[in-house]
Amino acid sequence: MVYPDPPERVWQALTDPASLADWLMPNDFRAVVGHQFQFKVAPTRAWNGIVDCTVLVVEPARRLSYSWRNARAGIDTVVTWTLAPHEGGTRLVLAHTGFRGARGIAVSVLLGRGWRSRVLTRRLPATLVRLRRPDN
């Protein structure tokens, strides 16, 4: 995806806990390698609503990577965000990797649809619009 915002603003959306909660999920994120944090939402019948994560890579305004785990759902994956300047904006690439087995493939398809249909095309852009305001 390409966003009309500079890499520093997209980075803020990826790393500021309040901004991240705005477009993804409530969290206790810190952009510090080794920091363990959680994304938390209301549980559902099939999921306890918690994603356990550890920050793996922090390269400000360039790359961010963290584990993405939920033992109950059998997910032990890695999310990597890569940012690059692109024609006055930022190209943001998401790689969500490490899915294994039939269940992993099914979860990958489900999560991939969510990333593409809601998160990256509607929710993150809305947060970036809010971050453009002078009071942010």
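Values quoted throughout were computed directly from the atomic coordinates according to the rules given, and no laboratory measurement underlies them. Only a predicted model underlies this, so the values are computations on that prediction, with no experimental measurement involved.
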(request) Could you give me the percent of Cα pairs per 5 Å distance bin for the chain, shortest bin first, beginning at zero and ending with the bin that holds the maximum distance? (result) 2, 10, 18, 25, 22, 14, 6, 2, 1, 0
(message) Counting only helical runs of four or more DSSP H residues, what would the 222 nm mean residue ellipticity of the chain come to if each run contributes -39,500 (n - 2.57) and the total is spread over all its residues?
(response) -8500 deg cm²/dmol
(message) Per 0.36 nm of contour for each residue apart, how much would the distance between Arg30 and Ala73 grow if the chain were fully extended, relative to their Cα-Cα spacing?
(response) 13.0 nm
(message) I'd like the orientation of helix 101-114 relative to the chain: the angle between its Cα long axis and the longest Cα principal axis, in ° from 0 to 90, rounded to 10.
(response) 30 degrees
